[in-house]
There are 2 protein chains.
Amino acid sequence: MNKKIEYISRLLKKMSSKGLEIYVISRIWHLLDNDEVKIVPQQYVRHSDGTYSLTDLYFPQFDFHVEVNEPGHYITQEKISSDALREKNIVESSGHHVKVINCTESIENIHLQIDAVIRDITAAIDLQKREKTFKPWNPEFEYKAEFYKNLTELKVAENIALETIEQICELFNVKVPKMGYLRKGAAPFPPMENTILWWPSDYNRNWENKISPDSLTITERAVNEKNPGDHAFGVLNNPHNRVTFFKDRDILGYTYYRFKGVFQLDMSRSNKVDGLFWVRVSDFVRIKF
Amino acid sequence: MNKKIEYISRLLKKMSSKGLEIYVISRIWHLLDNDEVKIVPQQYVRHSDGTYSLTDLYFPQFDFHVEVNEPGHYITQEKISSDALREKNIVESSGHHVKVINCTESIENIHLQIDAVIRDITAAIDLQKREKTFKPWNPEFEYKAEFYKNLTELKVAENIALETIEQICELFNVKVPKMGYLRKGAAPFPPMENTILWWPSDYNRNWENKISPDSLTITERAVNEKNPGDHAFGVLNNPHNRVTFFKDRDILGYTYYRFKGVFQLDMSRSNKVDGLFWVRVSDFVRIKF
């Protein structure tokens, strides 16, 4: 099945629990009629003041958001619990454009508002094409290492995700580490001092790993250890930094290893009982040396 | 809320359980971009040989159907159980057009197939407009008596539905019958010999009424009677015909009184224990005399 059509169908299904959102979003997609443009549903945006908003539709290529404003619509910080934020992808905002579709209007008026959004996006595409910065939506490749090979660094704000551990290792040009038949949870990364590549996931039989709603802290705890605390003890005696890809399931049900930045061990909070606390110290990493 | 946009949103939601149907149907709606055209989801069609098909989308103004053919799609008689048929609306076919969208193709090819459907519908609109037979979709009025006032007769095949008992009585130009504070379940209809207007529903505290999947037979049974069988006894001693509007909930959750034809008492099967059996003897009724 074509990846784009399957993605948009999943997105429309996700929209279908709300009232008119599915009408508005499907109309934007079909009238824009450009499958080089990616759309993302229910995007959480972190503002510079630390608050969050949830927007109904996000165009990652243009930092452009659409809100479908129905009666009962909310966008307040209070309503967005940390529960709802968990496992959501968060873009770091400020300077993003937000356009509101007011659905209390007539069908003709709603259509006119959607036409205006389409004009805005079309202008944004034209501008990027003139400036040669336009990157077409490419779901067949955007989760592969090759797609990022030309970059000098990866930025968290670019919401980079890879589909396998093999792709992570290929991007950083290191060998996939094996442990007998198993793949290890991390790999050495010689170009950066005292730093490894790490790809935790929030579910694993042997590990309890959690990432905070704002993606700034990760807790790591080994479970079912023969000698509890062994792993934490080893790391505490050998503190280091970790270039981290956290494995999560996005709102449409796709699972990827998502780049979360470089994390440093928080020695003050980490111990053999509570586990290890990792805090983000950089929102980018060099991949060319 | 605008009735059209609310209806299409409900329709898209209904579509959202299946794979690509929501993509295809929403694209047809938005690119056709003509809110004078009505679309109906999951339409059951009775063929002249007595078999049924289920089509994904139906344009009642043009007797035109669209099937979204995904892997695993079925349209066989065997799979359509009488359970699934219950409470569905059924159009009587033969001569209807059916267009299949093959979703195993590329996104470009699927778009081309949808373009072809839109050309067909646009041509059908143009033809009806030239012939002055085009009736624009009008959900604000199509469930009201006034909408049908110009007709000489009602036909089952036209899938006529009214929103209230008052509208039924207005259409047939009879007084809404009262029984104390309650409305009665039927009204006299003087222009036709030995015939009354009837509006049963399949749920009522005092009545067990069922319509067969093919809408050709209705069973009626009074429950909680002081003297069981009293009602049946009365009708059996006074057999008559009934112009029938059956109250049901359509696939999108709208409740209407739907015209089902003229029914005659089947004296051979009806009795005080099993209730009354009504069989359809006419699929139309005159409303002008």
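Each value in this text was obtained by applying a stated rule to the coordinates, not by laboratory testing. Worth saying up front: this structure is predicted, and the values here are computed from it rather than measured. Here Cβ is always computed from backbone atoms with ideal geometry, including for glycine, and neighbour counts include all displayed protein chains.
A few comments on the model shown:
- P(r) weight above 27 Å for chain A, C-alpha pairs, percent: 47
- Position A:ASP266: other-copy label points at 7.5 nm, ordered by increasing distance, label point 7 Å along Cα→C-beta.
- The phi torsions of region B:172-177, fed into the Karplus equation with coefficients 6.51, -1.76 and 1.60 and a -60° offset, translate into couplings of 8, 6, 10, 6, 5, x Hz, rounded to whole numbers, with Gly and Pro shown as x.
- Percent RCO, i.e. relative contact order, over chain A, from Cα pairs under 8 Å lying at least 6 residues apart: 15
- Compactness ratio for region B:130-289: Cα radius of gyration over 2.2 N^0.38 Å (N = residue count) comes to 1.07.
- Share of pairwise Cα separations in region A:123-213, more than 15 Å, in percent: 71
- A:LEU252 versus A:VAL98: modelled label distance in nm, points set 7 Å from Cα along the beta carbon direction: 2.3
- Footprinting exposure proxy for B:SER17, B:SER268 (fewest neighbouring C-beta atoms within 10 Å first): B:SER268, B:SER17
- DSSP-loop GluC sites (Glu not before Pro) across region B:1-43, with at most 16 other Cβ within 10 angstrom: B:GLU36
- Hits among lysines - C-alpha to C-alpha of A:LYS178 under 20 Å, sequence gap 8 or more where chains match: A:LYS247
- Length released on extending from A:LYS3 to A:TYR203, taking residue separation times 0.36 nm less the Cα-Cα span: 69.4 nm
- 7 Å along Cα→Cβ, label-point gaps from B:LYS226 to other copies, nm, shortest first: 8.7
- Simple spin-label estimate for B:VAL223 and A:SER106 in nanometres, 7 Å along Cα-Cβ: 4.7
- Per principal axis, descending, Cα span of the protein assembly as shown in whole Å: 99, 58, 45
- Among B:GLY185, B:GLY261, A:GLY275 the positive-end extreme of the charge dipole of the protein assembly as shown (Cβ point charges): A:GLY275
- Here the protein assembly as shown is assigned +1 on the Cβ of each Lys and Arg and -1 on the Cβ of each Asp and Glu. Its dipole about the Cα centre then comes out at about 820 debye.
- Ascending count of other beta-carbon atoms within 10 Å, so fewest first, for A:MET192, A:MET179, A:MET267: A:MET179, A:MET267, A:MET192
- Modelled spin-label separation between B:THR122 and A:ASP274, with each label point placed 7 Å from Cα along the Cα-to-Cβ direction: 6.6 nm.
- Region A:248-289: Rg to Rh, with Rh as the Kirkwood radius over Cα pairs: 1.12
- Exam field: A:HIS240 pseudo-label spacings to other copies (7 Å along Cα-Cβ), nanometres: 9.2
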